[in-house]
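Only one structure is covered here, and it is reproduced in the block below.
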Amino acid sequence: MPNPQERPIIVVGGGFAGLSTLLTFSKVHPRPPLVLIEPRPQFVFVPLLYELLSGELQAWEVAPDYAQLLQGRGISHVRDTVSSVNLDDHCVTTEKGDRLSYSQLVLATGAAPDDFGIPGVRDHALGFHSLSDIPPLQERLRQLRLRPTGTSTIVIVGAGATGVELACKLVDLLEGAAQVHLVEQGDQILSRSRAFNREQAEQALKRRDITVHLKTRVLSVTADAVRWNGVDGDVEQSHDGLIWTAGSKPNLPDLLPSAELHQKRLPVDETLQLKGHTDVIALGDIATQDPSGEGQTPWPLSAQAAMQQGQAAASTLEAQLRNRAASPFVFQDLGEMLSLGIGDATLTGMGMTLAGPLAYKLRRLAYLTRLPGPSLGLRSAGAWLLGS
Ligand SMILES: Cc1cc2nc3c(=O)[nH]c(=O)nc-3n(C[C@H](O)[C@H](O)[C@H](O)COP(=O)(O)OP(=O)(O)OC[C@H]3O[C@@H](n4cnc5c(N)ncnc54)[C@H](O)[C@@H]3O)c2cc1C
């Protein structure tokens, strides 16, 4: 039985990194009490948001409740947001005013969209980052489908994976109701992707008649127009919906005293511990390798890396509990999968390159079976197999 006087291990943020830390570490016995502080009632499997937007998957498949995921594991869920962490006093303070002491702290608060301060983005752009972004976008698509074919324009800013995947999905959903423009500041789409996936994506964009504007920087956005600077100089383009996918920034609570940051992220050592604080682990989109290490390949900011780090964080916590040395985290690249519209995808990894309907099915199956909690994962995958 856990000692009620014992200070808990607190995990802040129940996304890919925090949740996999909890699910892995909850199997260790005996252990201190475990507390998750997370404002949302549901975990969101963001790589499947495109399928939720299109209705190919349902919310219960993409966003299972924490109550179900944590059931029977001895983990308390506090529905709140951590506003600050006092590293010297070993406690966190929440927005509702609670102060909780920890024996170990796991910070996994992820990233939020970044508008880089560009005028009008915050007020006029639609987002595609969380569950709450889906209904306004679905409503906009519904309105556009009521208009005469080809009279409307949708602009997506950012041609990273999110922008490209979303552009393909929107064209398939709009069925000709709007012309889609994809705006990218760099000189190519998917600059961080594998060559095979980039080529497949370029073809998918071309097949859908999506206009891609490379080397183009957005200057300002209003409710019905966007101004950008590109190869043709300054251009004002009218729009009937602009979706911002161009950047993200780490979601850090205030740290007291303030911690040193590297590229806005918390530098951690190879066991994911925060420099100078052996009782704090940071991982996922808020963490980066300590830049003083040599010859490192940076960890990608991805769900894949965050889940692997969650498992590594659990083994660091267990090593601390047993007074053993923790093993270093080594990222295993399992490949990259991109959805390219309804029924289409491309994937590269594990010695395989594949595109088309089979890649689409494999991607969906791979994600659904990776949903946390074995019973939910199987139920979701089972629902898909039965429905296909
Ligand atoms: C549309 C989209 C598609 C993507 N597709 C892919 C993909 O196909 N493959 C892939 O590998 N990656 C993908 N990613 C990237 C991936 O989702 C992130 O890298 C991953 O979610 C990072 O995990 P994390 O645990 O660090 O953060 P998150 O999963 O974002 O979780 C952070 C959690 O912390 C909570 N939180 C934030 N602040 C606080 C606070 N102060 N107090 C308490 N809780 C807090 C949030 O509510 C959230 O639940 C995609 C991202 C997006 C937006």
Selection within region 87-114 - touching a helix residue (DSSP H, G or I) at 6+ places or on another chain (Cβ under 8 Å) and part of a strand (DSSP E or B): GLN104, VAL106, LEU107, ALA111
Hits in region 69-86 (condition: assigned to a strand (DSSP E or B) and farther than 12 Å from VAL35 by Cα): VAL82, SER83, SER84, VAL85, ASN86
Residues located in region 1-52, provided they are within 22 Å of the chain's Cα centre (by Cα) and assigned to a loop (DSSP other than H, G, I, E, B): GLY13, GLY14, GLY15, GLU38, PRO39, ARG40, PRO41, PHE43, VAL44, PHE45
Single condition ALA303 does not satisfy, out of (1) loosely packed, with under 15 Cβ neighbours inside 10 Å; (2) within 28 Å of SER130 (Cα to Cα): (1)
Single residue of region 260-293 satisfying the filter (surrounded by fewer than 18 Cβ atoms within 10 Å (Cβ to Cβ) and farther than 23 Å from GLU318 by Cα) that is farthest from the ligand (Cβ to nearest atom): SER292
Qualifying residue in region 189-204 (condition: in contact with a strand residue (DSSP E or B) (Cβ under 9 Å, 6 or more places away or on another chain), away from the ligand (no atom under 16 Å from the Cβ), outside the structural domain of THR297 (by TED's automatic domain parsing) and within 26 Å of LEU137 (Cα to Cα)): yes
Yes/no for ALA246 being out of contact with any Leu (no Cβ under 6 Å at 6 or more places or on another chain), of a type in the set (Gly, Ala, Ser), at pLDDT 95 or above and crowded, with 24+ Cβ neighbours inside 10 Å: yes
Selection count where residues are near the ligand (Cβ under 9 Å from one of its atoms) and either more than 14 Å from SER339 (Cα to Cα) or assigned by TED's automatic domain parsing to the domain that holds THR162 (or both), scope region 43-64: 3
Check on SER84, among the hydroxyl-bearing types (Ser, Thr, Tyr) and at pLDDT below 95: no
Hits in region 278-323 - residues which are acidic (Asp, Glu) and either assigned to a loop (DSSP other than H, G, I, E, B) or within 14 Å of the chain's Cα centre (by Cα) (or both): ASP285, ASP290, GLU294
Residues that are touching a residue at least 24 places away in the same chain (Cβ under 8 Å) and within 22 Å of SER191 (Cα to Cα), drawn from region 206-220: ARG208, ASP209, ILE210, THR211, VAL212, HIS213, LEU214, LYS215, THR216, ARG217, VAL218, LEU219
Meets criteria (among the aliphatic types (A, V, I, L, M), more than 29 Å from THR93 (Cβ to Cβ), touching a residue at least 12 places away in the same chain (Cβ under 8 Å) and in a loop (DSSP other than H, G, I, E, B)) for ALA223: yes
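The rows are residues; the columns are (1) of a type in the set (D, E, K, R); (2) touching a strand residue (DSSP E or B) at 6+ places or on another chain (Cβ under 6 Å); (3) farther than 22 Å from LEU334 by Cβ.
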{"residue": "HIS262", "(1), (2), (3)": "no, yes, yes"}
{"residue": "ASP269", "(1), (2), (3)": "yes, no, yes"}
{"residue": "LYS275", "(1), (2), (3)": "yes, yes, yes"}
{"residue": "THR278", "(1), (2), (3)": "no, no, yes"}
{"residue": "ALA287", "(1), (2), (3)": "no, yes, no"}
{"residue": "MET307", "(1), (2), (3)": "no, no, no"}
{"residue": "GLN311", "(1), (2), (3)": "no, no, no"}
{"residue": "SER315", "(1), (2), (3)": "no, no, no"}
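The values are calculated or read from the model by the stated rules, or taken from the named source; none is laboratory data. As the structure is a prediction and not an experimental result, all values here were calculated from the model. Positions of Cβ are backbone-derived with ideal geometry, glycine not excepted, and every protein chain shown enters the neighbour counts.
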